[in-house]
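The values are calculated or read from the model by the stated rules, or taken from the named source; none is laboratory data. Because the structure is predicted, anything quoted here is derived from the model rather than measured. Please note: Cβ atoms are built from the backbone with ideal geometry, for glycine as well, and neighbour counts cover all protein chains shown.
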Amino acid sequence: MPKREMLVPITEARSKLYELARETERRPVVLLKHGRPVAVMVSAIKWEKILDRLEELDDLIWIAEHGRTPRESLISLEDVERRLDEEEQLSREAVQRRTRTKGPRRDAKSTSSAKSRDTAREGTD
């Protein structure tokens, strides 16, 4: 059975930091401020175990939410390239359809300038 954590007022912890760090090899040290927990000290080995466990739990949550492992969700490079090629082809076709149906675009300014030039030419003939 794991030992209960050691409760230490934060004001006391300042003067006993080295001893408390050694204590974390045996059990967690909970630092208190006005009788309430504000921080927990654990050994580096215990911290790594906690992080590993969290990563495992995160994977299990992913599987529960998606019905498969993250690795099973990966797609091959060939599939990515094929999908990109297909999307690029669809984009090109869409641009070609727009160009054929609308013709070249002219803004109002260039159209009025062209009309002015045409009118000026007619006047000089």
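Elements of the type helices (runs of 4 or more DSSP H) sitting completely within segment 1-88 and holding at least 2 residues that are out of contact with any Gly (no Cβ under 9 Å at 6 or more places or on another chain) and modelled with pLDDT under 85: these cover 44-66. Scanning segment 33-91 for residues that are over 30 Å from GLU23 (Cβ atoms) and among the aliphatic types (A, V, I, L, M) returns LEU60, ILE61, ILE63, ALA64, LEU74, ILE75, LEU77, VAL80, LEU84, LEU90. Given the criteria among the hydrophobic types (A, V, I, L, M, F, W, C) and over 27 Å from VAL8 (Cβ atoms), does ALA94 qualify? Judged against the criteria, ALA94 is a match. When segment 13-42 is filtered for residues that are of a type in the set (Ser, Thr, Tyr) and either surrounded by fewer than 16 Cβ atoms within 10 Å (Cβ to Cβ) or over 35 Å from the mean Cα position of the chain (by Cα) (or both), the ones remaining, listed by number, are SER15, TYR18.
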